[in-house]
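**Student:** For reference, the structure I am asking about is given below.
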Amino acid sequence: KPKEIPLTEEQLNEEIIKTRLRLTALKSQLTTRMEEVATAKAGEMELSQKHKELEDAFKELVAERFDIISDFTRQHKATEDEMIARITILDSTITDLKDQKELSALALR
(Lines give C-alpha, C1' and ligand atoms only; values in the text may rest on other atoms or scores of the structure.)
Protein backbone atom coordinates (compact mmCIF):
# COMPACT_ATOMS: atom_id res chain seq x y z
CA LYS A 1 0.00 0.00 0.00
CA PRO A 2 1.55 3.34 -1.04
CA LYS A 3 2.05 5.86 1.66
CA GLU A 4 -0.58 8.63 1.60
CA ILE A 5 0.60 12.15 1.37
CA PRO A 6 -1.11 14.36 3.94
CA LEU A 7 -3.36 17.02 2.44
CA THR A 8 -2.78 20.64 3.14
CA GLU A 9 -5.49 22.75 4.75
CA GLU A 10 -6.22 24.37 1.40
CA GLN A 11 -6.58 20.95 -0.27
CA LEU A 12 -8.84 19.77 2.56
CA ASN A 13 -11.04 22.88 2.14
CA GLU A 14 -11.23 22.21 -1.60
CA GLU A 15 -12.26 18.61 -0.94
CA ILE A 16 -14.89 19.79 1.53
CA ILE A 17 -16.27 22.27 -1.02
CA LYS A 18 -16.31 19.58 -3.76
CA THR A 19 -18.03 17.13 -1.42
CA ARG A 20 -20.63 19.73 -0.39
CA LEU A 21 -21.31 20.58 -4.04
CA ARG A 22 -21.64 16.87 -4.85
CA LEU A 23 -23.96 16.43 -1.85
CA THR A 24 -26.10 19.38 -2.97
CA ALA A 25 -26.28 17.97 -6.52
CA LEU A 26 -27.25 14.54 -5.18
CA LYS A 27 -29.95 16.04 -2.94
CA SER A 28 -31.33 17.97 -5.90
CA GLN A 29 -31.28 14.83 -8.03
CA LEU A 30 -33.03 12.87 -5.26
CA THR A 31 -35.72 15.56 -4.93
CA THR A 32 -36.28 15.54 -8.70
CA ARG A 33 -36.55 11.75 -8.78
CA MET A 34 -38.92 11.71 -5.81
CA GLU A 35 -41.14 14.23 -7.63
CA GLU A 36 -41.02 12.03 -10.74
CA VAL A 37 -42.00 8.99 -8.67
CA ALA A 38 -44.89 10.90 -7.05
CA THR A 39 -46.07 12.08 -10.48
CA ALA A 40 -45.80 8.54 -11.87
CA LYS A 41 -47.75 7.11 -8.92
CA ALA A 42 -50.46 9.74 -9.33
CA GLY A 43 -50.65 8.88 -13.03
CA GLU A 44 -50.80 5.18 -12.24
CA MET A 45 -53.63 5.74 -9.75
CA GLU A 46 -55.51 7.86 -12.29
CA LEU A 47 -55.09 5.19 -14.98
CA SER A 48 -56.13 2.50 -12.53
CA GLN A 49 -59.29 4.45 -11.63
CA LYS A 50 -60.06 5.07 -15.31
CA HIS A 51 -59.54 1.35 -16.03
CA LYS A 52 -61.95 0.43 -13.25
CA GLU A 53 -64.54 2.92 -14.55
CA LEU A 54 -64.22 1.55 -18.09
CA GLU A 55 -64.43 -2.04 -16.84
CA ASP A 56 -67.57 -1.22 -14.82
CA ALA A 57 -69.11 0.54 -17.83
CA PHE A 58 -68.28 -2.47 -20.01
CA LYS A 59 -69.89 -4.88 -17.52
CA GLU A 60 -72.96 -2.65 -17.39
CA LEU A 61 -73.20 -2.60 -21.20
CA VAL A 62 -72.83 -6.39 -21.37
CA ALA A 63 -75.62 -6.80 -18.81
CA GLU A 64 -77.80 -4.28 -20.66
CA ARG A 65 -77.14 -6.07 -23.97
CA PHE A 66 -78.08 -9.39 -22.38
CA ASP A 67 -81.32 -7.86 -21.04
CA ILE A 68 -82.17 -6.45 -24.48
CA ILE A 69 -81.47 -9.79 -26.18
CA SER A 70 -83.57 -11.57 -23.56
CA ASP A 71 -86.46 -9.14 -24.13
CA PHE A 72 -86.25 -9.60 -27.91
CA THR A 73 -86.15 -13.37 -27.46
CA ARG A 74 -89.27 -13.29 -25.27
CA GLN A 75 -91.05 -10.99 -27.75
CA HIS A 76 -90.07 -13.23 -30.65
CA LYS A 77 -91.30 -16.33 -28.83
CA ALA A 78 -94.59 -14.63 -27.95
CA THR A 79 -95.05 -13.49 -31.56
CA GLU A 80 -94.16 -16.96 -32.80
CA ASP A 81 -96.71 -18.56 -30.43
CA GLU A 82 -99.33 -16.05 -31.55
CA MET A 83 -98.63 -16.77 -35.23
CA ILE A 84 -98.82 -20.53 -34.65
CA ALA A 85 -102.19 -20.08 -32.93
CA ARG A 86 -103.47 -17.92 -35.83
CA ILE A 87 -102.20 -20.43 -38.39
CA THR A 88 -103.96 -23.23 -36.52
CA ILE A 89 -107.23 -21.26 -36.50
CA LEU A 90 -106.89 -20.42 -40.20
CA ASP A 91 -106.12 -24.07 -41.07
CA SER A 92 -109.19 -25.12 -39.11
CA THR A 93 -111.30 -22.50 -40.93
CA ILE A 94 -109.99 -23.67 -44.31
CA THR A 95 -110.79 -27.28 -43.43
CA ASP A 96 -114.31 -26.29 -42.30
CA LEU A 97 -114.91 -24.31 -45.49
CA LYS A 98 -113.71 -27.22 -47.65
CA ASP A 99 -116.03 -29.57 -45.78
CA GLN A 100 -118.96 -27.14 -46.26
CA LYS A 101 -118.14 -26.86 -49.95
CA GLU A 102 -118.12 -30.62 -50.36
CA LEU A 103 -121.43 -30.93 -48.46
CA SER A 104 -122.97 -28.18 -50.62
CA ALA A 105 -121.75 -29.90 -53.77
CA LEU A 106 -123.24 -33.19 -52.62
CA ALA A 107 -126.53 -31.52 -51.67
CA LEU A 108 -126.82 -29.95 -55.12
CA ARG A 109 -126.52 -33.27 -56.91
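The values are calculated or read from the model by the stated rules, or taken from the named source; none is laboratory data. Every value quoted in this text rests on a predicted model; they were computed, and no experiment measured them. Here the Cβ positions follow ideal geometry from the backbone for every residue, glycine too, while neighbour counts run over all protein chains shown. Accessible surface areas use protein heavy atoms only, side chains included; no ligands, DNA or RNA. Shrake-Rupley method; radii C 1.70, N 1.55, O 1.52, S 1.80 Å.
**Student:** Only Lys, Arg, Asp and Glu count, each charged at its Cβ (+1, +1, -1, -1), so figure out the dipole size of region 37-109 about its Cα centre, rounded to 20 debye.
**Tutor:** The dipole magnitude comes to about 260 debye.
**Student:** Right, something else. In whole Hz, with x marking every Gly and Pro, tabulate ³J(HN,Hα) for region 24-41 from phi via Karplus 6.51 cos²θ - 1.76 cosθ + 1.60, θ = phi - 60°.
**Tutor:** 4, 5, 5, 4, 4, 4, 5, 4, 4, 5, 5, 5, 4, 5, 4, 5, 5, 5
**Student:** State in Å² the accessible area per residue of the chain; use a 1.4 Å probe, count heavy atoms of protein chains only, and round to the nearest integer.
**Tutor:** Result: 100 Å² of accessible area for each residue.
**Student:** If you don't mind, there's one more thing I want to ask. Mind jotting down the distance between the C-alpha centroids of region 33-85 and region 87-108, whole Å?
**Tutor:** 57
**Student:** Per the Kirkwood formula on distinct C-alpha pairs, the Rh of region 1-60 is how many angstrom?
**Tutor:** Roughly 16.1 Å, rounded to one decimal.
**Student:** Per residue, how big is the convex hull of the chain when only Cα atoms are used? Give it in Å³.
**Tutor:** Considering the Cα atoms of the chain, their hull volume per residue is 158 Å³.
**Student:** Here is a further query. From the phi of every residue in region 56-69, what ³J(HN,Hα) in whole Hz does the Karplus formula 6.51 cos²θ - 1.76 cosθ + 1.60 yield, where θ is phi - 60° and glycine or proline is x?
**Tutor:** 5, 5, 5, 4, 5, 5, 5, 5, 5, 4, 4, 4, 5, 4
**Student:** At 222 nm, what helix-only mean residue ellipticity would the chain give, in deg cm²/dmol to the nearest 500, using -39500 (n - 2.57) for each DSSP H run of four or more?
**Tutor:** -35500 deg cm²/dmol
**Student:** Run the reach check for Lys27 against lysines, Cα to Cα strictly under 20 Å, same-chain hits fewer than 8 apart removed. What comes back?
**Tutor:** Partners found: Lys18.
**Student:** Something else now. Mind listing the phi-derived Karplus ³J(HN,Hα) values for region 88-104, rounded to whole Hz, using 6.51, -1.76 and 1.60 with θ = phi - 60°, and x for any glycine or proline?
**Tutor:** Running phi through 6.51 cos²θ - 1.76 cosθ + 1.60 with θ = phi - 60° gives 4, 4, 5, 4, 5, 4, 4, 4, 4, 5, 5, 4, 4, 5, 4, 5, 5 Hz.
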